[in-house]
Structure formats: C-alpha cells, structure tokens
Amino acid sequence: SLILGGYLAYSGAVNVYLMIATCLAGVLAGDTLLFSVGRRTGRNIDPNSWIGRHVPPDKLGKVEELFKKYGDKIVMVARFAPGVRAPTFFVAGASGMPLWRFLSFDGLAACLSVPLFILLGKRFGGELTHLIHTAHRAQGAIFGTVAVLGALYFVLQRRKKRLEAEKAP
C-alpha cells in the first residue's frame, strides 16, 4: 500500500508529502492497535480467534525470546521484518512496555520505512505503469491457460475414476 501511495504521487493524483503524512499516521495507528490488543489480552489468546490466527503461539514464543535477548529495540527492527511485525507489537503490549516507549521505537522506524517505500513507488512509477499495462495485455492468455489446465485436470480425474470403476468387480 505504501508503494501504491508512491505510485499515486507519481501519477499526480496526490501530493507526495501529504501521502507520507497520511501513511505514517495510518501505520502508527495500526501498530498501536496491535500493541493495545496485546496489552488488553496478554497471553490469553483463543487460537481460533482473529488475533490467534494472526499471532500464533510459536511466533509469540520466538518474539518473547528476542525481547529477552535484544530488549525494546526489537520493536524498531520488527518494522523491517514482515511476518514478525504483528507478533512483536502484540508482545510489546502484552509485556507491559509503556506506550510512549513503543511509539518512540516504532515511530522512529516508521519515519524511515514509510517515506522510503512511498518514494520508491514514486521513483519507479513509470516501471509500475509499464508492468500494469503488460499484465493487462497478458490477462487473456493467463486466464486461457488456467482454463485449459483446469479443464485438462477435470478430464483426467474423470477418466481416472472411470478406469478405477471398470477395474472394480
């Protein structure tokens, strides 16, 4: 979404500085939400709940070990590590980390990552436009190939079942 924001700035649809500010606010709001859920629920997570599916116990354990080893700075590193970001922010809240401290580390990292990805989207907007046009032109061929492969699979499965039925007494 940040790269898309940069693409929108490239196309002239939005002001790049306004996009950076808006995305930064959105990123920090989302991170604070995860932190707050961790603060509120702690380790008592129902594995079948929404948060339980997104923050599995095995990832929680790994993140807790990282917190013990590296301290609060792991919040800053997690901003750049997809897959452990949500569990890290959740554990930060569950561990009792003060909100101001969480926002200090996370905010510093977000002030680096958000503008970086938006500016990358803006810088490579022309290449993204080319990629979108190429994908649009190839769309028919891709759908056709998927349809043929799906039909072939269906025919082969029916034939296999028919042969198995003929072999049965």
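Here are a few things to note about the model shown:
- Of Thr145, Thr88, all but one fail to be touching a helix residue (DSSP H, G or I) at 6+ places or on another chain (Cβ under 8 Å), among the hydroxyl-bearing types (Ser, Thr, Tyr) and either touching a residue at least 40 places away in the same chain (Cβ under 8 Å) or part of a helix (DSSP H, G or I) (or both); the exception is Thr88.
- Which listed residue is at pLDDT 90 or above and open to solvent by 50 Å² or more (accessible area, probe 1.4 Å), from Leu163, Leu131, Leu108: Leu108
- Segment 1-60 holds helices (runs of 4 or more DSSP H) entirely within its bounds, and those carrying 3 or more residues that are surrounded by 15 or more Cβ atoms within 10 Å (Cβ to Cβ) and touching a residue at least 40 places away in the same chain (Cβ under 8 Å) map to 2-11, 16-41.
The values are calculated or read from the model by the stated rules, or taken from the named source; none is laboratory data. The model shown is predicted, which means the values in this text are computed figures rather than measured ones. Reconstructed Cβ throughout: ideal geometry from the backbone, glycine too, with neighbour counts over all protein chains shown. In case anyone asks, the SASA skips ligands and DNA or RNA and just uses the protein heavy atoms, side chains included. Shrake-Rupley method; radii C 1.70, N 1.55, O 1.52, S 1.80 Å.
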